[in-house]
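Read the structure below first, then the notes.
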Amino acid sequence: MHTDLPLKENSTDKLGRHPFAYEIASGLVKSFKDNNESIVLGINGTWGSGKSTLLNFIINEVEDISTSINQEIIVLRFNPWMFSGQKELQNVFLRELILKLKNNSEKLKNASKKIAEFLEYLNWVNYVHSGAGEALKSLKNIFKKAGKEKELSELKKEIDNILIESKVKLYITIDDIDRLTPNEITDIFQLIKLNGNFANTIFILAYDQNVVQTALENQFGENGKKYIEKIVQVDYTLPSISKEDISRLFIDNLNILFNEDEIIDKIKELNESIKSEPFINFFSSLRDIYRFNNSIKLRLPSIVNELNILDFLLIESLRVFDQKAYKFIIDNKESLVYKSDNNINNFNFRSNNNEQSTDAFIESIDFNDLIKQILKRLFIVDSSYSFNSNTPDDLIRGKRVANESYFNRYFNLQLSNFDIQEYVFESFINENSAEENEDILKNVQEKGQLFQFLNWVKIKSKGCDEYRQQKIIESILIYSKNLPHKKGMFWGIGSDLTTVLHYASDMLYDINDIEVRRKLILSHLESNVSFASFYLGDRILYANEQSENGKLYSSNEWYYLFKFEKESDLEFIEKILSKRNSIAKDLFDNILIKNEFLAEDEIGLILDTVYKNYNEHYEANFDKLIENDHDLVKYVWLSIKRSWMTSNSKVGYQLAEYQLYPELDKEAIKSRFDSLNSADFDENENKIISLFKKAYDDGFEEKKYYDIETLEEMGKW
């Protein structure tokens with residue numbers, strides 16, 4: 001942390017001020033070596049420009065040069081800001097001077113006594129707040145009352161003689177004048193006016209001329225600059241720090257600001273980019289740099305991996321230097337963050353809130369050009385997909401504030417309960433085994449974040465090597481067994497399982513070798529017996545049907561597994577078919593032997609596949625699935641669900657004879673249902689029984705759909 005203290009040693013000079021200090025010091029020592037004159041020298045510079053540091057350098061050089069020529073000197077460093085609020089700064093100054101003279105030179109003990117006498121009879125308050133004539137009259141009265149006949153000028157002359165005879169040069173620095181109140185600034189210049197012509201005395205003042213000038217004008221109603229010129233004989237103005245030096249100093253300081261190696265490395269990687277960022281224009285002094293760096297030293301380490309560092313620096317600069325702009329961003333999140341059109345067909349239509357509208361919004365607000373430049377740097381997103389443009393995916397990969405999901409991180413500096421830490425993505429993509437990644441996916445699924453997580457993994461892993469891409473796909477496929485299949489609409493669209501497998505399909509694109517893609521899928525099917533594995537094989541077979549009909553496009557699932565070469569594709573599909581069927585039989589047997597649970601929509605697909613490919617096995621074992629009347633109702637329901645439709649937000653079900661799973665006999669079912677006591681079944685089971693009886697009575701008519709709640713016909717389709 002930087003404490004804003006001025007530099008003391010010449011070796012620590014960061015702004016090249018030391019040669020300037022040496023020039024001033026050398027001129028002072030040499031010019032006043034052989035005379036007894038006094039001088040008041042001014043160092044003018046803006047707040048934080050390094051005036052105090054320059055004062056230290058000057059005095060260091062004065063001391064060194066004076067020692068080299070055997071010139072005895074005494075230095076009084078007077079900082080009136082340390083005594084700010086005290087009414088009589090003149091008295092404070094003279095007491096400080098008395099102590100300095102008494103403690104530093106035998107030759108000047110008499111001078112200290114005379115100055116004490118000078119102080120005893122000096123009514124500084126009257127002098128400041130009265131006209132000069134009234135002040136002198138008041139002083140004479142004080143002298144007379146004390147029995148003193150001397151004029152003030154005579155007492156001062158005696159002090160001058162002592163200083164001259166001692167041959168000691170007295171250097172008095174007065175710093176931080178511009179930090180004082182206007183009245184105190186006036187007091188200081190009156191003090192110098194009264195004491196600035198002591199013999200062998202050099203006053204060096206440090207101030208911001210604009211601040212002092214305004215204070216003097218308010219006090220005296222005259223030209224403040226001319227008033228300063230009457231008192232200060234020589235004025236030096238500190239040159240402003242160049243933008244190049246500011247940028248260099250900021251980067252140098254930033255590189256040594258943190259102790260954590262990880263942060264140091266990240267900062268150094270961004271050095272060149274940081275130099276060109278507009279927030280650098282907030283810095284006009286080292287004090288600005290230290291103030292900013294102290295802030296980021298406290299705030300960045302806890303969340304460095306969760307943010308884009310450049311965006312963080314830009315936003316933090318607004319927080320430190322322009323609170324109004326910082327609050328504006330928070331209050332106008334919805335107008336600033338990027339919003340894409342989530343078009344169901346994924347045609348990538350441009351959003352209405354694109355870069356043109358955001359640019360117009362920023363231009364319309366009442367901020368200066370620097371603030372607007374920073375806002376545009378943060379929130380203008382060129383999503384034109386042209387060369388060098390930023391895509392919406394880049395916002396996620398870059399952890400940019402313009403992404404709606406990342407925005408709050410920059411202002412809370414913490415993650416919400418529903419946010420995912422960056423190290424989780426990093427581990428998932430680059431470090432973990434597929435089994436470890438399964439645990440991560442379970443965790444994000446419990447928080448309802450699975451699809452956002454997979455979408456960001458897909459985006460963030462873009463450009464990773466193929467080994468990592470394979471591991472990610474393998475992780476997704478392994479985890480898929482935890483997701484039940486429930487058809488939300490035709491073909492299972494809307495099912496969590498279908499959605500997750502779709503991510504795996506898309507990511508195959510990033511593996512260049514199609515044989516590697518195929519091997520990855522076949523290896524998974526070889527080692528995993530689950531409905532998800534069966535369903536994966538089934539979806540690939542469906543993609544093959546589309547391919548054979550010339551309807552498989554790059555936007556379709558599993559497109560990247562096909563060479564569109566008949567022999568090669570046929571060999572691969574035969575392997576998929578064999579594995580799909582084998583898994584279906586194993587799952588069928590698991591239901592029989594282990595009574596393993598499968599969701600309704602899952603059982604139906606398994607039964608169809610086993611009956612078609614293992615007919616004898618199916619017929620020999622189907623009756624074992626139905627151990628009681630509740631099981632019978634369940635399999636009738638699975639038969640009913642094989643054909644349904646929607647109309648006016650209602651769902652209609654058909655039950656034609658062909659829908660009944662093989663080994664389900666309609667007459668046997670009717671006879672059994674007629675004998676049941678409805679009280680032994682729950683409400684939904686009774687609805688299924690009633691719909692079966694209604695369809696039976698209607699002759700299992702095809703294309704006739706019923707409202708299962710009322711058994712009313714919903715029409716023919």
The one condition in (1) in contact (Cβ under 8 Å) with a residue 24 or more places away in the chain; (2) outside any strand (DSSP E or B) that G652 fails to fulfil: (2)
Subset of region 678-706 (residues that are under 15 Å from L660 (Cβ atoms) and within 60 Å of the chain's Cα centre (by Cα)): I688, I689, L691
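With respect to V211, is the statement that it is within 46 Å of the chain's Cα centre (by Cα), surrounded by fewer than 22 Cβ atoms within 10 Å (Cβ to Cβ) and within 28 Å of E61 (Cβ to Cβ) true?
Working: within 46 Å of the chain's Cα centre (by Cα): yes; surrounded by fewer than 22 Cβ atoms within 10 Å (Cβ to Cβ): yes; within 28 Å of E61 (Cβ to Cβ): yes.
Here the answer is yes, as V211 does meet what is asked.
Of a type outside the set (D, E), within 49 Å of the chain's Cα centre (by Cα) and either assigned to a strand (DSSP E or B) or farther than 25 Å from L76 by Cα (or both): is that true of I246 in this structure?
Numbers: of a type outside the set (D, E): yes; within 49 Å of the chain's Cα centre (by Cα): yes; either assigned to a strand (DSSP E or B) or farther than 25 Å from L76 by Cα (or both): yes.
Yes, satisfied.
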Which numbered condition K226 fails, given (1) of a type in the set (D, E, K, R); (2) touching a Phe, Trp or Tyr at 6+ places or on another chain (Cβ under 9 Å); (3) without any contact (Cβ under 8 Å) to a residue 12 or more places away in the chain: (2)
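Quick one: which of K169, K225, K157 is buried (at least 20 other Cβ atoms within 10 Å of the Cβ) and basic (K, R)?
Values: K225 fails: buried (at least 20 other Cβ atoms within 10 Å of the Cβ); K157 fails: buried (at least 20 other Cβ atoms within 10 Å of the Cβ).
Within the list K169, K225, K157, the selection yields K169.
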Region 681-710: number of residues that are under 11 Å from G652 (Cβ atoms) and either of a type in the set (A, V, I, L, M, F, W, C) or not assigned by TED's automatic domain parsing to the domain that holds R642 (or both): 2
Qualifying residue in region 289-297 (condition: under 16 Å from I246 (Cα atoms), of a type outside the set (D, E, K, R), surrounded by fewer than 16 Cβ atoms within 10 Å (Cβ to Cβ) and free of Cβ contacts under 8 Å to residues at least 40 places away in the same chain): no
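Quick one: is F411 free of Cβ contacts under 8 Å to residues at least 40 places away in the same chain and either part of a helix (DSSP H, G or I) or surrounded by fewer than 18 Cβ atoms within 10 Å (Cβ to Cβ) (or both)?
For F411, the condition - free of Cβ contacts under 8 Å to residues at least 40 places away in the same chain and either part of a helix (DSSP H, G or I) or surrounded by fewer than 18 Cβ atoms within 10 Å (Cβ to Cβ) (or both) - is not met.
Report whether or not V500 is surrounded by fewer than 19 Cβ atoms within 10 Å (Cβ to Cβ), free of Cβ contacts under 8 Å to residues at least 60 places away in the same chain and assigned to a helix (DSSP H, G or I). Reasoning before the result, please.
Details: surrounded by fewer than 19 Cβ atoms within 10 Å (Cβ to Cβ): no; free of Cβ contacts under 8 Å to residues at least 60 places away in the same chain: yes; assigned to a helix (DSSP H, G or I): yes.
Criteria not met by V500.
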Residues that are over 13 Å from F534 (Cα atoms) and free of Cβ contacts under 8 Å to residues at least 12 places away in the same chain, drawn from region 553-588: Y553, S554, E565, K566, E567, S568, L570, E571, E574
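Kindly indicate which of Y423, Y479 is surrounded by 15 or more Cβ atoms within 10 Å (Cβ to Cβ), more than 28 Å from E571 (Cβ to Cβ) and either among the β-branched types (V, I, T) or touching an Asp or Glu at 6+ places or on another chain (Cβ under 9 Å) (or both).
Numbers: Y423 fails: surrounded by 15 or more Cβ atoms within 10 Å (Cβ to Cβ).
One residue alone meets the criteria, Y479.
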First in region 35-58 and under 14 Å from V212 (Cβ atoms), second anywhere and basic (K, R) and surrounded by fewer than 23 Cβ atoms within 10 Å (Cβ to Cβ), Cβ under 8 Å, 6 or more apart: W47/R287
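Among the charged types (D, E, K, R) and at pLDDT 85 or above: does that describe E23?
Values: among the charged types (D, E, K, R): yes; at pLDDT 85 or above: yes.
So E23 fits the description; yes.
The values are calculated or read from the model by the stated rules, or taken from the named source; none is laboratory data. Since the structure is predicted, the reported quantities are computational estimates derived from the model, not experimental observations. Glycine gets a Cβ as well: all are built from the backbone with ideal geometry, and neighbour counts include every protein chain shown.
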